[in-house]
């Protein structure tokens, strides 16, 4: 039999014992950048006053905005990742969550290559929290899964391959150098009749495995069998037959359904709560009222939701903010803010012409089609929670707090996720299911309604951008200033930010994302202004890039027009220095060729371009639009993307297609409105999404400027979409669209 | 009441206004049919009742009594050897690697399957018209479009 984790070697046991320590270390790594900053800030405040504080924050923000995302340390034992059974099936346990981005397939390709697996003898599993991966590592966010996991997975797979090689050699009485791995087996080089399957090598192993202390040599890229190929998605058979289980689909024996009372205004707290006549409503099993929380469990989902309306609840506090007030708060002031980029001096640049514009991006919801959902079973000293989440670690932490249970007693089983786009980075529904299950002793499923999800999730923050630029007498771009105003992303305490981080950074690094100026302009400055609204806002696909790239790339077009230069040529002229500039040029050139930019579009059509550098990936996007009084229509999109080495080209193309269509949806249609302290959009009848009629023809060129994955694929493209559309509309009809959603009226 | 789903009869205790979606998912346990909006807009809950596409989230289960209900779990068939044979739409959706998160896909495929019954040789405009009332937030529309055309081809090849 294959080794089970609990039967493993001392190394594995040591690794398990170190789990908490590793977790602490990974957190510490994340805080290291901050830690240095705290000292500087403290010294700055005492000795240097505001100037030194500003300089320290500038340095820290630069580190944040250009550095790699934090990630948990991977476990050192290959048996956490792989089990190979006697039937020679390699079971892969994937720590990252499959939410449609194809990550289970891409990570399997990486592992299968180094471990020389036969693709037909692989079975992929979602790892749960008991598997041995820490929560930070399982957190699936920020388009970082491939870039963060590529090297660790290759190393761990190669380690197991070498352990199997040594064992195969021993079993055959050969030397390790004679053995070659091929198709989930080892054989003596040139003698296929000597083949022994991995499953048999493991079954016949006597004694304990020892894990080598050094990382074996990895394959050359030219020897890749799976990396770089469009391997078919490993999850689609289950999905097209309806067998795949998502958080909303989990069923266990004896389960009941829960619903939770929601406030009438954001920030309102329960002042008093009694059962009212909820207990006598059909199907009601129990009313649960405790610590500012009121919920109901019932035999059927709709019964629980109905009974909630019969609770006697009094709410206090909260906001009564209106959309007009939000629009007024979220604007870029003339003074103040936190400096996040400064090169040269924008105020002393040659200035024979000044160009200025302001842009606005509204709040928007994720509208992932599976609303929040979780199933919890809780006993006096344990909890098992199935949940549709991007953040199993945070979910476990928050449930531990809510249940007053040690984290080790809580098992989180992540399911397939029916869309997320940042919405499933919190822990709301998992905590609700756990609280209801604990109070009643029954397994409880909580699935939010669409109305709950649209009103009570967090949303993309409202943002405003103010840019100005100067041209000298020859029409050269001499200075560019970008002022950003936004409500919170990382600074939302519900998703882990808040007080300390804010004091340190001054600027929310995730709301500022995409705000840095990469163009090679002598004088550049970016200032971030925290303009907080009392409405929950946080992660949305692309983070700040959506608003900030809309503004900066629309403005780049405005400058090009004033300078009288073709907008694509203008971007090439100011491409960044060094390697990044070469990547910009390659991407712009590829997109230009795809779109045949040099040839004007047909009458009635306009083309626009936008380029972005986000999460290590360079994107150049050209779109072609038509427009009349009623409607902007995007007919064609041409996109060149350079994330370095691409693991699965077809999967990468799917992300480009999806990002473009979601970007079109948000740019043309989406706006969440708040009145009297509560969202007024409740469902898809008053929050329309793009449909098939909105989908353009999409052509994609994948570029690889590096032999390893250096950039993400899930988000970078979406930031380029709004500006490409607005620039195309300007090219078509001379109208500048500076506020989303775009209307021509 | 008695419901016939995917060729099997289920005796379910439900009241007259219980919605078919929740009866299928929570009472019978066929969770392949998905909940998206609850107001019949997104199409994730689409099933066939006597071959017609219906939005199960706004359809009382009682309406389906005495009729034949087909859900995504009943779209594939089983051959003489006992193997699962995917419906041409399912096969095409895999071939074109359509689904991302796939939460909307049961509804997309049920809509496509009924559409191809009524129009076995559609052009692109027919496909867009038939499929444009089903929402996909992952933005797989260009692949749905090509896969429905491909499914028509597969069905013709099998006939």
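Each reported figure results from applying straightforward, stated rules to the coordinates on display, with no laboratory input. Note that this is a predicted model, so its numbers are computed, not measured. Please note: Cβ atoms are built from the backbone with ideal geometry, for glycine as well, and neighbour counts cover all protein chains shown.
Peptide A:412-421 has a mean of 3 when you count, residue by residue, the C-beta atoms of other protein chains within 10 Å of its C-beta.
Separation of the stretch A:635-679 and the stretch B:84-159, taken as the distance between their Cα centroids, equals 22 angstrom. Diffusion coefficient of chain B by Stokes-Einstein, Kirkwood radius over Cα pairs, 25 °C, 0.890 mPa s: 154 µm²/s. Sorting the segments A:571-577, A:688-694 by their residues' average number of neighbouring beta-carbon atoms within 10 angstrom, most packed first, yields A:688-694, A:571-577. Residue-normalised convex hull volume from the C-alpha trace of chain A: 176 Å³ per residue. Against chain B, whose longest principal axis is taken from its Cα atoms, helix B:105-118 shows a tilt of about 70°. Could you please state, rounded to a whole Å, how far the C-alpha centre of the stretch A:102-162 is from the C-alpha centre of the stretch B:1-59? The two parts, judged by their Cα centres, are 37 Å apart. For the stretch B:77-158, the spread of Cα positions along the three principal axes, ordered from largest to smallest, is 38, 28, 17 Å. Peptide A:448-460 shows a mean partner chain C-beta count of 1 within 10 Å per residue C-beta.
With n ≥ 4 as the cut-off for DSSP H runs, can you work out [θ] at 222 nm for the protein assembly as shown, using -39500 (n - 2.57) per run divided by the number of residues, rounded to the nearest 500?
Numbers: 24 runs with 296 residues, N = 904.
My calculation for the protein assembly as shown gives -10000 deg cm²/dmol from helical runs alone.
Suppose each label sits 7 Å from its Cα in the direction of the beta carbon; what would the residue A:170-residue B:119 distance come out to in nanometres? It works out to 6.6 nm between the two label points.
Within the listed set B:49, B:28, B:72, the residue fluctuating most in the Gaussian network model of chain B (springs between alpha-carbon atoms under 10 angstrom) is B:28.
Ordering A:668, A:594 from the fewest to the most neighbouring beta carbons within 10 Å gives A:594, A:668. Converting the Cα gyration tensor eigenvalues of the stretch B:2-74 into ellipsoid dimensions via √(5λ) gives semi-axes, longest first, of 16, 13, 11 Å. With both residues required to sit in the protein assembly as shown, DSSP beta bridges show an antiparallel share near 75%. By other beta-carbon atoms within 10 Å, ranking A:310, A:366, A:445 with the fewest at the front produces A:310, A:366, A:445. The distance separating the Cα centre of the stretch A:699-723 from that of the stretch A:583-627 comes to 13 Å.
Relative contact order of chain A, please, whole-number percent, based on alpha carbon pairs below 8 angstrom and at least 6 residues apart. Could you put the intermediate results ahead of the total?
Working: 1668 pairs, mean separation 100.6, N = 745.
Over chain A, the number comes to 13 percent.
Per-residue mean of other chain beta-carbon atoms within 10 angstrom of the beta-carbon, peptide B:8-21?
Details: counts 0, 0, 0, 0, 0, 0, 1, 2, 0, 1, 3, 2, 0, 2.
Mean partner shielding for this stretch: 1.
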